[in-house]
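Structure record follows, encoded as structure tokens.
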Amino acid sequence: MLIGLVNLNQHIESISQKILNQDIIRIDDVNTIPGSPEKYLLTSFNFKAFLSLPIHTQSGEIGAFGCINSNSARIWKDSEISLLLAAADQIAIAVNQAQLYKESRTAAQRMF
């Protein structure tokens with residue numbers, strides 16, 4: 001989705017910094033955010049509620065996964081966030097395992 005001629009970098013930068021800081025971004029109602037880069041970006045994509053959870057691997061890679069609601073605002077329950085944080089931990093473990101597998105395959109190929 002294009003947002004006119006506006007440079008999205010300035011709007012993405014704020015969310016990116018929070019992801020790099022491994023912050024949870026929990027926005028129950030995008031319309032209640034005071035004029036901010038996050039509000040502009042999220043409303044541009046018609047998000048009504050947004051949740052982003054950090055993923056941090058043992059090798060130092062940082063990422064996030066998000067949940068959105070584009071129908072209406074919603075209150076993200078603490079129990080949902082706890083469950084999703086556990087899922088984020090499992091994703092980080094899976095990424096670590098995939099990296100180890102790739103390294104072992106590369107090492108095995110060098111031996112032959």
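Rule-based calculations on the coordinates, nothing more; no lab input. On a predicted model such as this, the values are computed, not experimentally measured, just so you know. When we count neighbours, we look across all protein chains shown, and the Cβ atoms used for this are built from the backbone with ideal geometry, even at glycine.
Based on Cα contacts under 8 Å between residues 6+ apart, segment 9-111 shows a relative contact order of 24 percent. Relative to the longest principal axis of the Cα atoms of the chain, helix 9-20 runs at roughly 50 degrees.
In the set [x] 56; [y] 51; [z] 35, the label that goes with percent of Cα pairs over 19 Å apart computed for this structure is [x].
As a proxy for reagent exposure, ranking Arg74, Arg110 by other Cβ atoms within 10 Å from fewest up yields Arg110, Arg74.
What does the net charge come to around Trp76 if you take all other residues with beta carbon closer than 10 Å to its beta carbon, with K and R at +1 and D and E at -1?
Counting the neighbours of Trp76, the net charge comes to 0.
Between Ile55, Leu100, Leu41, the Cα set farthest toward the positive side of the dipole of the chain (charges on each charged residue's Cβ, about the Cα centre) is that of Leu100.
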